[in-house]
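Below is one structure, written out as structure tokens; comments come after it.
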Amino acid sequence: MDRKEKMRAVAILSLSVSQFVTGAAVSPALGAIRAAFAGTPDLAVQMLISLPAVAIIPASLLSGKLAGRKIRRKTLTLAGTLIYVLGGVGGALAWSMPILLAFRFLLGIGAGILLPLSVSLIADFYTGAMRARLTGYATAVASLGGTVITLGAGALGAVHWRLVFLVYLAMLPAFFLNLRYLTEPESTGSVFDAFRFSPVVIKVSAYMFGITVMVFALPVYLSLYLTDAGLGGPQAASYILVMPNFAGLFAGAVFSDYKRILKGLAGPVALVLMSCGFLVLGSVRSLPLLSLGAFVFGLGLGVLNPLNYLRMVNGVPEADGSFALAVGNAAMYLGQFAAPLIYGILLSTGLAADIRSLFLLNAGASLVMGLVFGLRRHLVTGEVV
């Protein structure tokens, strides 16, 4: 690639930062936000993380429909980035919980616009091994951004919870990079014109929903768990929450080789890693060991994300790629929205005794999924590329 093509790749990869930090960036400050808005139900506080998913779902599907047909992909990318920054930073100015939730909803609209584009633009410009490599790099970039932003959120949250929302300014460089270097790929028509819900899209979307429900036990409950257990505040939570991002940085960088070596077992092995991470998180009360569990969990997640995106893109015709990804993202963010509700039911009915029990339930669920898919080699296979 010449310099212009390399900078275009950098611009596209920069959009991936939004993937991992949309809801979870404020996780370290949930305890402080709950204290600031005294009397607010815990569910409303947890919705600060999951509410963006409500907006992401329709915005993602609409973005997949409009991209390249009604609206140029570059225009949509720039608009989505600005909306994302406005919704994210606006939370710092909120004077009530309803206003804060409204800004979170706006953040979700921006994220929903960007999510299918952040992966489909890679598919638009690249094929074969380069597509797989850049998809892995996208996870690495998202993890690196998540690492820096989560640490920054913890440090800012230790000063004041409002400052946490300033971390969303990190997406401004993505705006300027894409303004300068992103070009318009050749149009393949409307993805709605010929799109069919293939078995690949349906199965992987359902799988992504389940994985996301499990994953979001960590950002939704870790800060509250540490606060209630007297193990630390926002900064301690940020140190633990950053570990999956750090692990994902490594996993994304080696993803192409990992998939080539393990082939159809790439997904099942990643699920077993997630299970081990959850097992540690639910069994210990030490910050270093909790960090270790989060890191192992992140290794598995760092493989599953690009693996699922590649299966989506390569399992449908090229013209359907954007909308297939939009459907997958919609399922994933529906899982984010559903996670607090599902966990709330488990806790209120006594099916889970406490937050640690939720982690142990997820350890069992991800282990079962890994064993089942390992035997079937069906949903999470790396052989589709």
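No lab work stands behind these numbers, since they all come straight from the coordinates. As the structure is a computational prediction, the values presented were derived from the model and not from experiment. Positions of Cβ are generated from backbone atoms using ideal geometry, with glycine treated the same way; all protein chains shown enter the neighbour counts.
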Between Ala38 and Val372, how many nm apart are label points set 7 Å from Cα along the C-beta direction?
4.7
If you rank Leu273, Leu114 by fewest surrounding Cβ atoms within 10 Å, what's the result?
Leu273, Leu114
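Give me the number: length gained by fully extending Thr75 to Lys6, i.e. 0.36 nm times residue separation minus the C-alpha to C-alpha distance, one decimal in nm.
Extra length from Thr75 to Lys6 when fully extended: 22.8 nm.
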Cα-based Rg/(2.2 N^0.38 Å) for the range 102-177, rounded to two decimals, is 1.31
What FRET efficiency would be calculated for the residue pair Ile202, Val159, taking the C-beta separation as r and a Förster radius of 45 Å, to the nearest 0.05?
0.45
Taking other Cβ within 10 Å of each residue's Cβ, how do Ile345, Ile33, Ile122 sort, fewest first?
Ile345, Ile33, Ile122
Determine, for Thr147, Thr81, the number of other Cβ atoms within 10 Å of each Cβ, and report the residues in order from fewest to most.
Thr147, Thr81
Output wanted: per-residue J couplings in Hz (rounded whole) for the range 167-183, from phi through Karplus 6.51 cos²θ - 1.76 cosθ + 1.60, θ = phi - 60°, x for Gly and Pro.
5, 6, 5, 4, 7, 4, x, 4, 4, 6, 5, 6, 4, 8, 10, 6, 10
